[in-house]
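Working notes for the structure below.
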Amino acid sequence: LLSCLLFAAIGRRQRGPYMDEAFHVPQAQAYCHGRFLQWDPMITTLPGLYLFSVGVVKPAAWLFGWTGSVVCSVGMLRFINLLFSAGNFYLLYLLLFKIHQKNKDVSRFQRVLSTLTLAIFPTLYFFTFLYYTDPGSVFFTLFAYLMCLYGNHKTSAFFGFCGFMFRQTNIVWTVFCAGNVVAEKLNEAWKTELQKKKDEKVSSRKGSFSDLIRILQFLVQYLLSPKNLVTLIALTWPYVILVIAFFGFVFINGGIVVGDRSSHEACLHFPQLFYFLSFTTFFSFPHLLTPTKIKKFLLSLQKHPVQYSLITVICLFLIWKFTYVHKYLLADNRHYTFYVWRKVFQRHELVKYVLVPVYIFAGWSFADTLKSKSIFWILMYFLCLLAVTVPQKLLEFRYFILPFLIYRLNIPFPSLYRQLLELAFYIVVNAVTFYLFLNRTFQWPNSDEIQRFMW
């Protein structure tokens with residue numbers, strides 16, 4: 001109900017297409033009128049959003065007797081994302097229930113509270129009210145993940161394909177679903193290996209360097225066995241087919257991007273991982289930025305000074321050699337990233353290096369909250385995180401939505417106090433962002449159009 005009221009308020013203030021809607025809305029309207037061969041070359045994603053919209057709006061128009069411009073109006077198309085938002089709420093609840101089903105201490109109220117918090121995650125929730133690909137992309141990816149956890153891998157791969165049709169980088173989360181299956185088998189085999197050697201100390205000293213070397217040796221040995229590879233392919237074949245089809249698409253298309261490629265060039269932008277960790281720490285501060293964690297981190301620093309010194313040197317090198325600044329980031333003052341970059345990173349040339357201790361703490365705290373997961377799950381998630389963030393040249397908070405949600409779904413349930421604090425924080429952030437969008441408008445000198453602040 002609150003979302004519907006907010007939807008109506010935004011629809012009244014911003015009736016016409018805004019920002020990327022200027023490309024998405026006409027394209028969807030062309031599909032509505034049966035012009036399926038018409039394509040705007042400025043659009044970089046596949047037509048999943050437009051096909052789905054037509055599939056919903058056209059039968060609804062026939063059912064309710066709608067005619068004329070109302071059928072595929074801006075408001076009607078935006079309403080599709082409101083439906084996706086409701087679907088995401090339900091999927092998040094089911095995922096929390098499935099992932100934490102062994103935790104009997106978590107009450108139904110806490111599950112609903114966490115679901116509500118994640119459903120109004122500010123970066124995602126904002127785009128519920130505009131005709132963007134994000135809510136649909138999240139919906140199909142979460143659905144694929146849920147089906148994977150239930151063992152319905154053919155259905156999972158199908159929804160993974162739907163997610164890919166909304167945004168090509170979602171193929172990474174198809175690999176993540178396959179990785180879940182692989183990580184489970186590896187974990188079983190690793191436990192058997194430990195049992196054989198009767199060496200229970202290895203599993204208890206989780207995180208030590210020698211253990212990591214042993215695990216990597218086991219991993220290489222396991223994956224080099226043809227028998228094990230055949231078993232894994234037999235378990236994950238629906239995902240394998242989808243990934244092969246993806247590589248076929250990239251080969252035929254000449255790249256992952258359709259349409260305008262000049263502004264979406266892939267590169268090795270390693271600091272994107274640091275930006276993601278900072279973003280996650282900001283939005284999960286009740287879980288990641290606690291006095292206990294800070295104290296634990298400082299003790300870890302004292303214990304392993306050589307390792308942290310090496311990590312610092314690597315971070316400094318990656319920032320020095322692999323920092324890219326996209327032209328959109330410097331030119332478009334409607335996005336919050338423009339102000340983050342100008343107010344923080346452009347203060348001084350050394351700021352990006354000074355932030356390294358913040359990144360290291362964020363990374364340590366991030367990994368610490370995932371220690372309840374198996375080492376193979378963590379490795380698999382980390383590889384997917386690298387694949388989805390590092391190739392992006394543009395610093396764009398929307399690219400962090402899915403890796404953040406999957407991370408947040410998999411951390412242990414926090415205390416009720418922290419859950420309430422997180423929910424209150426999201427409500428405040430949403431209130432501020434919607435207030436700025438609706439009321440703090442401005443104009444560019446060379447344009448009569450009203451401009452608004454947004455993620």
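The values are calculated or read from the model by the stated rules, or taken from the named source; none is laboratory data. The model shown is predicted, which means the values in this text are computed figures rather than measured ones. Cβ coordinates were reconstructed from backbone atoms using ideal geometry, including for glycine residues, and neighbour counts include every protein chain displayed. SASA here: full protein model, heavy atoms, side chains in, ligands and nucleic acids out. Shrake-Rupley method; radii C 1.70, N 1.55, O 1.52, S 1.80 Å.
Exposed loop sites are taken as GluC sites (Glu not before Pro) in a DSSP loop (any state but H, G, I, E or B) with at most 14 other beta carbon atoms within 10 Å; the longest stretch of the chain without one runs 1-199. Sorting Ile256, Ile406, Ile427 by solvent-accessible area of protein heavy atoms yields Ile427, Ile256, Ile406, largest first, with a 1.4 Å probe.
Computed extension gain for Ser69 through Asn103, at 0.36 nm per residue and net of the alpha carbon distance, reaches 7.1 nm.
Per-residue surface analysis assigns Phe79 an accessible area of about 80 Å², computed on protein heavy atoms at 1.4 Å probe radius.
For the range 82-156, rounded, prolate or oblate, judged on the Cα gyration tensor with a ≥ b ≥ c (square roots of eigenvalues), a/c < 1.5 rounded, else prolate if a/b > b/c?
Working: a/c = 3.17, a/b = 1.27, b/c = 2.50.
Because a/c hits 1.5 or more and a/b fails to exceed b/c, the range 82-156 counts as oblate.
Between Leu1 and Leu298, what's the calculated FRET efficiency when r is the beta-carbon distance and R0 is 56 Å? Round to 0.05. In this case the efficiency is close to 0.75.
Pairs spanning more than 24 Å between alpha-carbon atoms, out of Lys343/Lys371; Lys196/Lys293; Lys191/Lys373; Lys191/Lys303: Lys343/Lys371; Lys196/Lys293; Lys191/Lys303. Sparsely packed loop sites in the range 98-157 (the trypsin sites (Lys or Arg not before Pro) outside DSSP H, G, I, E and B with at most 13 other Cβ atoms within 10 Å) comprise Lys102, Lys104. Measuring r between the beta carbons of Leu51 and Gln307 and using R0 = 51 Å, the FRET efficiency lands at 0.55.
From the Cα gyration tensor of the chain, with a ≥ b ≥ c the square roots of its eigenvalues, which class applies: rounded if a/c is under 1.5, or else prolate if a/b is larger than b/c, or else oblate? Verdict is prolate for the chain. Going 7 Å from the Cα of Leu438 toward and past its Cβ, which residues in the range 90-125 have a backbone nitrogen under 17 Å from where you end up? Residues 122, 125 fall inside that zone.
Just the number please: accessible area per residue for the range 267-413, 1.4 Å probe, all protein chains included, in Å². Present the calculation step by step, with values, prior to reporting the outcome.
Details: 6810 Å² over 147 residues.
Heavy-atom SASA per residue in the range 267-413 reads 46 Å².
Each residue of the range 434-447 was assigned a 3J(HN,Hα) from its phi angle through the Karplus curve 6.51 cos²θ - 1.76 cosθ + 1.60 (θ = phi - 60°); the sequence is 6, 4, 4, 5, 7, 10, 9, 7, 8, 10, 7, x, 9, 9 Hz, with glycine and proline shown as x. For the range 345-357, putting each phi into the Karplus relation 6.51 cos²θ - 1.76 cosθ + 1.60 with θ = phi - 60° gives couplings of 6, 8, 4, 7, 4, 7, 4, 4, 7, 5, 6, 3, x Hz, in residue order, rounded to whole numbers and with x for Gly and Pro.
Give me the dipole magnitude in Debye, nearest 20, for the chain about the Cα centre, with unit charges on the beta carbon: positive for Lys and Arg, negative for Asp and Glu. Show your work: numbers first, answer last.
Values: 43 positive and 20 negative charges, 245 e Å.
Dipole size: approximately 1180 debye.
Residues with beta-carbon under 14 Å from that of Lys185, excluding Lys185: net charge, scoring Lys, Arg +1 and Asp, Glu -1? Computed value for this residue: -1. Taking a ≥ b ≥ c as the square roots of the eigenvalues of the Cα gyration tensor, an a/c ratio of 1.5 or more together with a/b no larger than b/c marks the range 316-444 as oblate.
A straight Cα-to-Cα reach below 15 Å connects Lys185 with the aspartates and glutamates Glu193, residues fewer than 8 places away in its own chain not being considered. Of Asp40, Asp211, the residue with the largest accessible area leads and the full order is Asp40, Asp211 (1.4 Å probe). Using a probe of 1.4 Å on the protein chains alone, the accessible area found for Phe23 is around 70 Å².
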